[in-house]
1. Just one of (1) part of a loop (DSSP other than H, G, I, E, B); (2) small (Gly, Ala, Ser); (3) out of contact with any Lys or Arg (no Cβ under 6 Å at 6 or more places or on another chain) trips up Ser225, so point out which.
2. Taking the options Leu394, Leu459, name whichever one is part of a helix (DSSP H, G or I) and among the aliphatic types (A, V, I, L, M).
3. Give just the number: which of (1) free of Cβ contacts under 8 Å to residues at least 60 places away in the same chain; (2) outside any loop (DSSP other than H, G, I, E, B) does Met475 not satisfy?
4. Within region 129-137, does at least one residue satisfy the condition of being closer than 17 Å to Ser167 by Cα, surrounded by 18 or more Cβ atoms within 10 Å (Cβ to Cβ), of a type in the set (Val, Ile, Thr) and assigned by TED's automatic domain parsing to the domain that holds Val264?
5. Report whether or not Leu307 is assigned to a helix (DSSP H, G or I) and either outside the structural domain of Tyr442 (by TED's automatic domain parsing) or over 13 Å from the mean Cα position of the chain (by Cα) (or both).
6. Kindly indicate the residue of region 345-356 that is touching a residue at least 24 places away in the same chain (Cβ under 8 Å) and assigned to a helix (DSSP H, G or I) and also farthest from Pro451 (Cα to Cα) among those meeting that condition.
7. Across region 66-90, which residue is farthest from the chain's Cα centre (by Cα) among those that are at pLDDT 95 or above and over 17 Å from Glu153 (Cβ atoms)?
8. Please go through region 342-396 and give me each residue that is under 23 Å from Leu459 (Cβ atoms), surrounded by 16 or more Cβ atoms within 10 Å (Cβ to Cβ) and among the polar types (S, T, N, Q), ordered by number.
Amino acid sequence: MEQSRIFVAIALSFVVFLVWEIFFVDKQIVEKPMQALHTESISKEELYIKEINTESVDHTTLIIEDALKTIKPPRVIRVNTPLYSAIISEKGAVFKSFVLKKYKESMEHDSPWLEMISPELHNGNIKISLAENSVPALNDAFFIADIKDDAIEINDNSKELSFFWKSSNGIVIEKKFLFYPETYMIGCNVIVKNGSNQIIQDNLILSLFKAYNENGGMYGFEGPSALINNALEQVDIDDIEDKNIYNGELKWIAVQDRYFMSCVIPESPVTARMRLFLGQDNVLENQFMQPESIIHPGTQRIFGFYLFMGPRNTKILKEIGYDLDKAINFGMFDFLAKPCLWLMNFLYDHFISNYGIAIIILTIFTKIILWPLGAKSYKSMNEMKKIQPLVMELREKYKGDKKKMNEATMALYKTYKVNPVGGCLPMIFQIPVFFALYRMLYEAIELRHAPFFGWINDLSAPDRLLSFDFSIPFMQPPYGIPVLTIIMGATMFLQQKISPAMGDPSQAKMMQLMPLVFTVIFINFSSGLVLYWLVNNVLSISQQYYTTKKVA
């Protein structure tokens with residue numbers, strides 16, 4: 001009897017517990033954690049349509065906007081990884097600093113590590129907003145970090161850091177970051193939880209900011225870009241006033257300069273919009289605008305992104321994926337420049353740990369490939385040199401009749417089977433190679449702060465021997481002796497001397513000025529490019545001498 005009472009009591013207790021669980025206890029919904037970088041991506045439907053009950057979102061005590069402003073200034077949280085050190089402010093949950101630990105600001109021994117977020121960006125970077133401003137207080141929101149410490153160390157495993165903000169009418173917005181120790185990529189989930197009694201119908205925006213330099217991008221592209229419909233879109237800053245909205249399937253948006261870039265990458269490509277704005281304070285804003293979302297009261301929506309702030313390094317970007325390596329584009333002759341970059345890096349990685357010597361070997365290799373064109377050109381020039389006295393006689397004979405002079409000259413060329421443009425056409429075919437190498441050597445981050453020998457300690461900067469306190473005409477600072485450039489000009493002068501004289505006196509005078517003109521132009525070019533041109537000149541002189549002796 002006593003045992004039956006115990007069993008009845010247990011049964012009644014179980015029934016009471018079950019009824020209480022069904023009718024009185026709030027359901028705790030576990031949110032799907034953000035994916036790791038190398039797992040299968042979330043489907044578009046789940047990412048942009050997933051909505052769940054928000055009765056459980058207020059488990060963290062939040063202080064509403066007006067109250068927080070009167071209590072204390074926002075904290076800043078420092079995140080340290082082996083690759084970078086970031087500072088995130090609770091004011092807007094934006095990045096106030098992002099320092100790359102593998103790159104320095106300059107070649108100076110005591111130079112600090114490179115800062116990706118310039119001081120001009122007073123409001124930080126990676127800001128969220130809503131296109132229709134349906135939650136007005138969000139523009140000036142104070143978030144609360146979910147940790148008590150002011151610093152996070154990321155050494156072996158990834159870690160999450162969340163920032164929460166709650167409006168006065170119950171809307172909660174969370175920015176959740178996921179940091180990894182081995183990559184510049186950062187996971188970023190923006191979670192909008194509608195605890196109000198109104199529908200939120202708006203477009204979420206993630207903004208990249210960059211202080212732009214009006215003189216930047218003189219020799220290569222700098223500015224906003226995006227991968228739209230699987231094609232790279234690079235927008236010159238001067239063109240933003242004419243067109244600032246780009247629609248299509250976006251894989252990523254970016255702001256980039258000569259060597260570094262910042263990107264916003266959706267977890268899956270989405271039909272969205274890139275909007276560009278230029279501020280009066282020289283600040284460029286590149287917005288990733290999501291498609292319009294409808295978030296009903298009592299529901300939430302999760303928007304998944306990745307962030308990238310780091311070097312424009314082909315190897316690093318290819319390892320990350322998402323077609324980020326397409327951000328590196330060397331212009332019209334990109335299809336030639338990319339193999340040259342690969343070969344230069346291959347030589348550096350496997351044979352000689354000096355990019356200057358790698359450039360020399362690369363120049364020799366390209367010269368070997370173009371040798372037949374050069375040989376044909378020099379042969380034609382030598383044939384022109386042989387009949388040059390006859391050409392001068394015709395010019396003297398018909399100097400009063402230009403038409404007869406041209407007819408007689410062409411007849412002379414036909415008699416001796418000489419092509420007057422035979423020496424130029426092969427050179428024209430080499431121009432694309434020059435422009436491809438020019439852009440590659442100018443923009444390749446591998447050459448940034450890469451030493452060659454002696455005074456040339458940075459192949460991405462102009463060569464300067466010594467340092468002067470006074471300015472030099474046509475020279476950009478720093479001021480010094482451009483030894484490599486002067487030697488390059490001397491080789492051009494020598495090459496001109498051993499070349500046949502031009503038949504037209506005016507053209508001959510113009511050609512005599514070319515070495516001086518090129519020397520002035522190259523005086524501010526990177527020493528890596530000057531080195532290529534110098535070696536190419538030396539090889540061309542050698543080939544011209546060899547070809548001339550052979551056909552003599």
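The values are calculated or read from the model by the stated rules, or taken from the named source; none is laboratory data. Computed from a prediction, not measured in an experiment: that's the story for all the values here. Positions of Cβ are generated from backbone atoms using ideal geometry, with glycine treated the same way; all protein chains shown enter the neighbour counts.
1. The failed condition is (1).
2. Selected residue: Leu394, the only one of Leu394, Leu459 that is part of a helix (DSSP H, G or I) and among the aliphatic types (A, V, I, L, M).
3. Tallying (1) free of Cβ contacts under 8 Å to residues at least 60 places away in the same chain; (2) outside any loop (DSSP other than H, G, I, E, B), Met475 fails exactly one: (2).
4. yes
5. Spelling it out, it is not the case that Leu307 is assigned to a helix (DSSP H, G or I) and either outside the structural domain of Tyr442 (by TED's automatic domain parsing) or over 13 Å from the mean Cα position of the chain (by Cα) (or both).
6. Asn345
7. Glu90
8. Once the filter is applied, which keeps residues that are under 23 Å from Leu459 (Cβ atoms), surrounded by 16 or more Cβ atoms within 10 Å (Cβ to Cβ) and among the polar types (S, T, N, Q), region 342-396 yields Asn345, Asn354, Thr363, Thr366.
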